[in-house]
1. Sort 68, 201, 50, 57 so the one with the fewest other Cβ atoms within 10 Å of its own Cβ comes first.
2. So if I take the alpha carbon set of the chain, get Rg, then get Rh from the Kirkwood formula, what is the Rg over Rh ratio?
3. Which value in deg cm²/dmol, rounded to the nearest 500, describes the helix-derived mean residue ellipticity at 222 nm for the chain, given -39,500 (n - 2.57) per DSSP H run of n ≥ 4 and division by the residue count?
4. Taking the Cα centroid of the stretch 26-81 and of the stretch 156-188, what is the distance between the two, rounded to the nearest whole Å?
5. Angle check, please: helix 186-197 long axis (alpha carbons) against the longest principal axis of the chain (alpha carbons), in degrees 0 to 90, nearest 10.
6. If I build a Gaussian network model for the chain, linking alpha-carbon pairs within less than 10 angstrom, which residue out of 145, 153, 225 has the largest mean-square fluctuation?
7. Taking the beta-carbon count within 10 Å as an exposure proxy, list 82, 220, 92, 12 from fewest neighbours to most.
8. Could you work out the mean projected area of the convex hull around the alpha carbons of the stretch 11-108, in square nanometres to one decimal?
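Where a number appears in this text, it was derived from the coordinates with a stated rule and is not lab data. This one's a predicted model, so the numbers in the text were calculated from it and none came from an experiment. Reconstructed Cβ throughout: ideal geometry from the backbone, glycine too, with neighbour counts over all protein chains shown.
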């Protein structure tokens, strides 16, 4: 069953069409990389799907449910999980507090659990265990009591992925997840995405400029150019296209080999 789909999705800013009638379906168990040159409309397309932008026309559906009129928070509750190029964290809280809040939100929050930020967490062993599990998965357990504002950029990116994992979405959306990371930091994020990909019930969308990352992770590539979908297929097929290489990805035949 198609989990996520856009139909004729379009947004205009004045006379400029930033995303132009994109119709595309994304299946569970598939990681789709969305690529194209700067200004191609990749992040705008992401924003239309996740609700940060309102479409001029077209629809977004998840599991057959029309989310076109839903807010970003409503789409998150429906199962769309989004990680941004810039971190989206609570900088004045600790690493552990950030994760606990995300776990709390996922498990029903104050209404179902009688739990709030200031309650005694030791009374909620299952939530504590889940928070610890997430911190271990991103290799930040030893920094759990540090303020997020004091973390280096790479650790903040890892923490944002942990918060996304805590929400247990049906669809994971990563917008350049390794942006700003050094060579030592990036593998942790890529390993996390590989683990998520192993769950064949989940759908993963990835906006990424680094073609080595795309080659390694993607089951499918779609290419946007001037807001229009111009290619869609298996990675080898799309990457091998001379038009895509030269005009859209900016890589030569030699680099793609």
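1. Numbers: 68 17, 201 8, 50 21, 57 12.
Ranking 68, 201, 50, 57 by Cβ neighbours within 10 Å, fewest first, gives 201, 57, 68, 50.
2. Details: Rg = 18.9 Å, Rh = 19.2 Å.
Dividing the radius of gyration by the Kirkwood radius yields 0.99.
3. Working: 10 runs with 89 residues, N = 257.
After summing the helix terms and dividing by residue count, I get -9500 deg cm²/dmol.
4. 18
5. For helix 186-197, the angle is close to 90 degrees.
6. 145
7. On the way: 82 24, 220 17, 92 9, 12 14.
Fewest-to-most ranking of 82, 220, 92, 12: 92, 12, 220, 82.
8. Details: hull surface 33.4 nm².
About 8.3 nm², averaged over all directions.
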